[in-house]
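> One structure coming up, written as structure tokens, with questions to follow.
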Amino acid sequence: MSSQPSLKSLIFEDEIFTLEQSAECPIPGYLILRLKGPETALAQLPAETAKLLGEMLARAADAIGQAVRPERVYVLSFCEIDPRLHFHLFPRTGWLLKEYFKANDNANDPVNGPMLFEWARSAFGPGSHVPRGTPAVEAACATMREILK
């Protein structure tokens, strides 16, 4: 079910990984890290690949941090729709948290990251727009590409 990233959304690629801006959700810095191998579970990775994965996740999270200044970067891996091993790196910014609280009337509750992630992917689906003042996706992508060269 995975597709090739477009050059516009591609942030980084080497012989092991592709890192791309999500095509399904226009939140700047929402990246998908895919492994190019056939693995479907973290436990299947050879030790060296697992080490490189950890380093790549850290580098990608740092690039997101520099490009969009989130309060947190969520790292999720479900592998349900696309069974090949991949990770969602999702920037939980201040503006996104405010929108989530406003939409769900739950500002006094602790933040439930998985629920916020799922809400954001629905609220900001294909064709939607993020609030004014949010970094442009193209600018964030360019910054992350430069950082990850």
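The numbers here are math on the coordinates, done by the rules we state, and not lab data. Bear in mind that the values here come from a model prediction, so they are computed numbers and not experimental data. All Cβ positions, glycine included, derive from the backbone under ideal geometry; neighbour counts span all protein chains shown.
> Mind checking which pairs have a first residue in the range 97-118 that is of a type in the set (Gly, Ala, Ser) and a second that is not in a loop (DSSP other than H, G, I, E, B), Cβ under 8 Å, 6 or more apart or different chains?
Close Cβ pairs (under 8 Å, with a partner that is not in a loop (DSSP other than H, G, I, E, B)) amount to Ala103/Trp119; Ala103/Ala123; Ala107/Phe101; Gly113/Arg72; Gly113/Tyr74; Gly113/Arg92.
> Now, a different point. Would you point out the residue of the range 82-135, among those that are hydrophobic (A, V, I, L, M, F, W, C) and under 29 Å from Ile16 (Cβ atoms), that is surrounded by the most Cβ atoms within 10 Å (Cβ to Cβ)?
Filtering the range 82-135 for residues that are hydrophobic (A, V, I, L, M, F, W, C) and under 29 Å from Ile16 (Cβ atoms), the one surrounded by the most Cβ atoms within 10 Å (Cβ to Cβ) comes out as Phe90.
> Okay, moving on. Pick out the one residue from Arg59, Arg34 that is among the basic types (Lys, Arg), surrounded by 13 or more Cβ atoms within 10 Å (Cβ to Cβ) and in a helix (DSSP H, G or I).
Arg59
> Give the residues of the range 26-54 that are out of contact with any Ser or Thr (no Cβ under 9 Å at 6 or more places or on another chain) and under 18 Å from His88 (Cβ atoms), sorted by residue number.
Thr40, Ala41, Leu45, Leu53, Gly54, listed by residue number.
> I'd like the full set of residues that are part of a loop (DSSP other than H, G, I, E, B) and polar (S, T, N, Q), limited to the range 108-124.
Within the range 108-124, Asn108, Asn112 qualify.
> Given the conditions (1) touching a Cys at 6+ places or on another chain (Cβ under 9 Å); (2) hydrophobic (A, V, I, L, M, F, W, C); (3) at positive phi, report the number of the one that Cys79 does not fulfil.
Failing condition for Cys79: (1).
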